[in-house]
Structure formats: structure tokens, C-alpha cells
Amino acid sequence: MKAATDWHDWHGPYDDPDSPLSRRLRLVQEHVDRWLDERPEPVLTVVSACAGQGRDLLGVLARRSDAARVRATLIEYDPRNAAAARAEADRLGLAVAVACADAGLTESYADAVPADLVLFAGVFGNIGDADVRRTVAALPRLCAPGATVIWTRTRRAPDLTPSIRTWFAEAGFAETAFHAPDDVLFSVGVHRLTAAPPPLGPPSRLFRFA
Ligand SMILES: C[S@@+](CC[C@H](N)C(=O)[O-])C[C@H]1O[C@@H](n2cnc3c(N)ncnc32)[C@H](O)[C@@H]1O
């Protein structure tokens with residue numbers, strides 16, 4: 001039987017700048033940076049599902065002079081990761097709330113959406129295919145008009161990313177980037193909502209984490 005993942009220790013490879021996880025992080029951060037550069041609004045909202053220690057968003061905000069524009073909610077189940085994210089957000093003086101909650105439940109997003117940027121990094125590789133499909137179909141409910149979604153998924157066989165990209169199109173998103181480097185298994189996708197977003201709606205379950 002496979003040992004359960006320790007989601008605190010899972011962050012260890014971020015200490016090695018050459019690890020695939022660090023390379024993935026840099027790509028996600030590049031797109032968070034680009035999104036901030038492209039959005040002139042004085043206030044922008046971000047929600048991150050299964051945020052871990054929030055290194056993607058917090059790492060970007062730490063070096064930006066316009067970080068005060070961002071109101072963010074990180075939803076993370078592991079209290080150790082939530083505490084690490086909260087400590088870093090506090091240290092940086094950011095308007096970032098960390099909710100220790102189940103990101104698989106839509107009610108966990110009630111105070112955080114509609115968001116201008118929705119981060120789903122490290123989620124789709126840890127939930128069943130049907131849950132990925134259900135979650136992608138529901139993503140517009142988390143989005144403000146014109147929102148961007150940044151997501152990641154391993155391409156370990158069978159590669160689900162072609163289906164995921166189709167599901168995003170069916171849900172009313174246009175793809176703005178998709179990175180699938182040859183020498184690693186991770187991929188990073190970026191989609192912008194072009195359809196009108198529906199409200200969050202009644203509570204429902206999107207996914208159960210493996
Ligand atoms: C693969 S890690 C990704 C962390 C972060 N997004 C990143 O890319 O660095 C998955 C994270 O999801 C968290 N998690 C697991 N089940 C969850 C749930 N039901 N709701 C919220 N977070 C969950 C784990 O504790 C872990 O920190």
C-alpha cells in the first residue's frame with residue numbers, strides 16, 4: 001500500500017531551485033506576475049485552492065510594489081501549511097486570509113469569490129478524473145468576469161491534460177498559455193473566462209482529494 005503523502009514535507013523540493021517543482025513554481029509565478037501587469041484595477045481578488053504554503057502567490061507579492069492591490073484567500077486543509085502561509089503573509093503585511101478548510105466544497109469559497117485570479121496548482125493530479133471534469137465545469141462559479149485560472153497537472157500516462165483543456169473550452173474559457181516541457185511531467189495551463197460567470201450557487205462538492 002502506498003504511504004500517505006505528508007503535505008508539509010511535500011514542499012521540500014522547493015528548497016532546490018533546480019527541482020521540477022521549483023521550475024513549475026517559477027512558471028506559475030511568471031503567469032501571476034503577467035496577470036498583475038495586465039490588470040490595472042486598484043483592487044484585485046485572488047483565491048487559491050489547496051494552496052499549500054502559498055508559495056506561488058506570496059512569492060510574487062513579496063517582490064511587487066503593487067502587492068497592496070491584492071485581496072487573497074488561500075484555502076488549505078493542512079494546519080501546518082496554513083500556519084506557514086499565514087506567517088509569511090503576515091510577515092509581508094499582505095491582505096491575504098488563510099482558511100484552513102476543504103477546498104473540495106463550494107461553501108469554502110463563499111467569502112473569497114468571485115475572484116479575478118483562481119489558482120488550482122497541485123490539485124488536478126490528486127483527484128479523480130470525474131472530479132477534475134466536475135471542478136473545471138464549476139470554475140466559472142468561482143470567477144469574476146474576465147478572470148484568469150492558472151492550473152497544473154502531471155502528464156503521467158494516461159495524460160489527462162488534452163481532456164482538461166477541452167473541458168476548459170466547454171466551460172467558457174479561452175486558453176492563453178499551456179506549458180508542457182519535454183524533460184519533466186508537469187504542465188501548467190492558463191485560461192481566461194470569456195463567458196459570463198454564474199453565481200457560486202448552492203453548496204456542493206467539487207472533488208475529494210486523494
Ligand atoms: C500538491 S500540494 C499543492 C500545494 C500548492 N498549491 C503548491 O502548488 O505549492 C496539495 C495541497 O493540498 C492540500 N489539501 C489536500 N486536501 C485538501 C482539501 N480537501 N482542501 C484544501 N487543501 C487540501 C494539501 O495539504 C497540500 O498542501
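What to note about this one:
- Wholly enclosed strands (runs of 3 or more DSSP E) of segment 1-120 bearing at least 1 residues closer than 21 Å to HIS179 by Cβ and among the aromatic types (Phe, Trp, Tyr): 115-120
- For segment 7-16, the count of residues that are open to solvent by less than 80 Å² (accessible area, probe 1.4 Å), more than 12 Å from the ligand (Cβ to nearest atom) and modelled with pLDDT of 95 or more is nonzero.
- The listed residue being modelled with pLDDT of 95 or more and in contact with a helix residue (DSSP H, G or I) (Cβ under 9 Å, 6 or more places away or on another chain), out of ARG165, ARG133, ARG156: ARG133
- Some residue of segment 80-98 being open to solvent by less than 50 Å² (accessible area, probe 1.4 Å), of a type outside the set (Ser, Thr, Tyr) and within 13 Å of the chain's Cα centre (by Cα): no
- Note on segment 128-153: residues that are surrounded by fewer than 19 Cβ atoms within 10 Å (Cβ to Cβ) and over 17 Å from HIS191 (Cα atoms) amount to 3.
- Among the conditions (1) within 16 Å of the ligand (Cβ to nearest atom); (2) of a type in the set (A, V, I, L, M, F, W, C); (3) over 16 Å from the mean Cα position of the chain (by Cα), the only one that TRP167 does not satisfy is (1).
- Selection count where residues are within 18 Å of LEU142 (Cβ to Cβ) and surrounded by 20 or more Cβ atoms within 10 Å (Cβ to Cβ), scope segment 17-41: 4
- Scanning segment 42-69 for residues that are away from the ligand (no atom under 16 Å from the Cβ) and open to solvent by 60 Å² or more (accessible area, probe 1.4 Å) yields a count of 5.
- Counting only residues that are free of Cβ contacts under 8 Å to residues at least 24 places away in the same chain and closer than 21 Å to ALA49 by Cα, segment 167-193 holds 4 of them.
- Under the condition of being near the ligand (Cβ under 7 Å from one of its atoms) and closer than 16 Å to ALA112 by Cα, the residues counted in segment 70-83 number 3.
- Residue check for GLY104: modelled with pLDDT of 95 or more, open to solvent by less than 70 Å² (accessible area, probe 1.4 Å) and on the phi > 0 side of the Ramachandran plot: no
The values are calculated or read from the model by the stated rules, or taken from the named source; none is laboratory data. Bear in mind the structure is a predicted one, so any value in this text is a computation, not a measurement. In this analysis, Cβ positions are derived from the backbone assuming ideal geometry, glycine residues included, and neighbour counts consider all displayed protein chains. Just the protein is used for accessible areas: all its heavy atoms, side chains included, with ligands, DNA and RNA removed. Shrake-Rupley method; radii C 1.70, N 1.55, O 1.52, S 1.80 Å.
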